[in-house]
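Scroll down for the structure; my scribbles are underneath it.
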Amino acid sequence: MSVLLEVKNQNAIIFISIRSFQFQGNEMVKTVYFDESGFTGNNLLSRDQPFFSYAAVVSDEEESKAFVERIIDKYKISAGELKGSTLVNSKRLQKAVDEILTHYRGRMRVVVNEKKYALSGKFFEYVFEPVLAAKSSIFYNLNFHRFISNMMYFSMIANDGYSNELHNRFEDFSRRNISVDQFLQPVADSKYSDFMKDIHDFARIHIDIIQEEYNGSEGTGIEKWMLDLTTTSLYNLLCDVSVKFGKIRAICDESKPLISNQEMFNKMVGSEKIAYQSFDGKNLPFTFMLSEPLILADSKKAYGIQIADIVAAMSNYLMKKKNHSESFHKKWINIFEKEVFYWQCCVVPTPELLDPSNSKSHLNRYILEEITSRSRNSLSVLDGIEQEIYRISRALTFI
């Protein structure tokens with residue numbers, strides 16, 4: 001069955017065609033443990049922890065308890081608990097990490113987020129999306145959201161003064177530390193690139209719509225964690241793991257974002273179908289199947305969570321030392337990249353979208369100019385935008 005559905009993607013609301021089917025896989029419920037590494041909540045500009053990883057490990061209570069206790073005893077781990085950040089950064093204990101990852105190979109999955117890039121994506125979600133919502137599918141199919149996110153991210157990385165300030169202000173605004181007027185006021189003594197000037201003007205002109213979007217979240221609990229990456233990461237992992245293993249029992253390390261958003265996951269309890277979304281040329285699972293409500297547990301008592309913590313910490317370790325030469329790193333970066341990272345839902349920069357040889361890069365730059373020009377001239381941003389994009393696209397083929 002296929003239907004047209006409006007859904008919330010990682011960075012936006014989009015219209016997609018979904019296909020649902022009755023799951024015909026193994027009917028035995030699998031227990032899956034989840035944990036994170038690099039959690040900084042709504043602070044995505046953390047210098048010390050540039051990555052946030054959320055990991056899933058398929059195991060069960062008996063296996064995980066016996067395995068964790070054996071590792072602690074074998075490697076003389078005095079804490080009495082496996083802590084990912086401690087183990088992966090200790091040369092002595094990296095052998096323990098290697099043994100853990102080898103044992104659970106084929107049963108691990110990770111979504112990794114580069115936080116600064118994620119913040120650029122959130123900027124698009126809360127600044128551009130409310131204005132473009134009525135025809136958002138047009139822009140998403142052209143990867144306009146990723147073009148804006150990448151341009152903003154790489155401008156920030158290149159120390160563009162205004163991009164840095166705008167990201168800082170956006171984070172403060174999202175955390176309710178400053179008003180929307182303070183967020184979008186001009187930056188004194190800052191040189192604007194043409195791109196950043198278009199971004200600033202578009203946001204400033206549509207300030208009322210942006211404020212309305214934020215006001216709509218007040219009192220829902222969502223406003224406390226608008227920039228947090230936990231919920232989206234877990235949701236995507238549940239979809240991915242459910243495709244492979246069918247109905248699952250999900251046990252997560254207790255966290256404030258999950259306590260606030262637990263109900264959105266529990267709606268999937270008892271579901272017997274998985275829906276796929278067709279987006280950006282790929283079919284991705286959009287729903288999952290839970291055997292019971294999400295279980296939030298203490299890692300000291302849920303041993304599988306300690307294993308998930310190791311996997312998540314290893315993910316961050318690998319991302320931070322992408323080109324490291326040590327044998328331990330080289331072995332696991334290849335395995336994680338090929339088997340463990342759920343790349344389709346990882347939030348990481350895609351510089352190829354800015355490549356001058358990429359025709360969509362030029363098209364998206366012209367689209368930004370067009371919607372900003374319309375905004376400056378008090379014209380409708382969306383009226384006839386399909387025809388204008390087609391015209392621009394045709395013109396670019398002759399350049």
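The table that follows gives values for the structure above.
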item: Filtered residue count, region 50-98, keeping only those that are polar (S, T, N, Q) and in contact (Cβ under 8 Å) with a residue 60 or more places away in the chain; result: 6
item: Among residues of region 160-194, those that are out of contact with any helix residue (DSSP H, G or I) (no Cβ under 6 Å at 6 or more places or on another chain) and either of a type in the set (Gly, Ala, Ser) or part of a helix (DSSP H, G or I) (or both), counted; result: 13
item: Boolean, residue 310 is in contact with a Leu (Cβ under 7 Å, 6 or more places away or on another chain) and of a type outside the set (Phe, Trp, Tyr); result: yes
item: Selection from region 78-103 of residues that are assigned to a loop (DSSP other than H, G, I, E, B), among the small types (Gly, Ala, Ser) and open to solvent by less than 10 Å² (accessible area, probe 1.4 Å); result: none
item: Check on residue 315, assigned to a loop (DSSP other than H, G, I, E, B), open to solvent by less than 30 Å² (accessible area, probe 1.4 Å) and touching a helix residue (DSSP H, G or I) at 6+ places or on another chain (Cβ under 7 Å); result: no
item: Where residue 301 falls short, out of the listed (1) open to solvent by 80 Å² or more (accessible area, probe 1.4 Å); (2) assigned to a helix (DSSP H, G or I); result: (2)
item: Residues satisfying the stated conditions in region 155-204, i.e. closer than 25 Å to residue 366 by Cβ, of a type in the set (Gly, Ala, Ser) and open to solvent by 70 Å² or more (accessible area, probe 1.4 Å); result: 158
item: Hey, residue 109 in contact with an Asp or Glu (Cβ under 8 Å, 6 or more places away or on another chain) and either buried (at least 23 other Cβ atoms within 10 Å of the Cβ) or touching a residue at least 12 places away in the same chain (Cβ under 8 Å) (or both) or not; result: yes
item: Strands (runs of 3 or more DSSP E) fully within region 5-77 counting 3 or more residues that are modelled with pLDDT under 50 and within 21 Å of the chain's Cα centre (by Cα); result: 13-22
item: Counted residues, region 130-154 - those being among the polar types (S, T, N, Q) and surrounded by fewer than 22 Cβ atoms within 10 Å (Cβ to Cβ); result: 3
item: Filtered residues of region 345-399 (kept if free of Cβ contacts under 8 Å to residues at least 24 places away in the same chain and open to solvent by less than 70 Å² (accessible area, probe 1.4 Å)); result: 355, 358, 370, 373, 374, 380, 384, 388, 395
item: Count - residues of region 298-357 that are among the small types (Gly, Ala, Ser) and within 20 Å of the chain's Cα centre (by Cα); result: 4
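Yes/no matrix, rows are residues, columns are (1) out of contact with any helix residue (DSSP H, G or I) (no Cβ under 8 Å at 6 or more places or on another chain); (2) among the β-branched types (Val, Ile, Thr); (3) at pLDDT below 95; (4) within 27 Å of residue 35 (Cα to Cα):
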| residue | (1), (2), (3), (4) |
| --- | --- |
| 104 | no, no, no, yes |
| 116 | no, no, no, yes |
| 121 | no, no, no, yes |
| 132 | no, no, no, no |
| 140 | yes, no, yes, no |
| 143 | no, no, yes, no |
| 158 | yes, no, yes, no |
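The values are calculated or read from the model by the stated rules, or taken from the named source; none is laboratory data. A quick note: this is a predicted structure, and the numbers were derived from the prediction, not measured. Backbone-built Cβ (ideal geometry, glycine too); neighbour counts: all protein chains shown. Just so you know, the surface numbers come from the protein's heavy atoms only, side chains and all, with ligands and any DNA or RNA stripped out. Shrake-Rupley method; radii C 1.70, N 1.55, O 1.52, S 1.80 Å.
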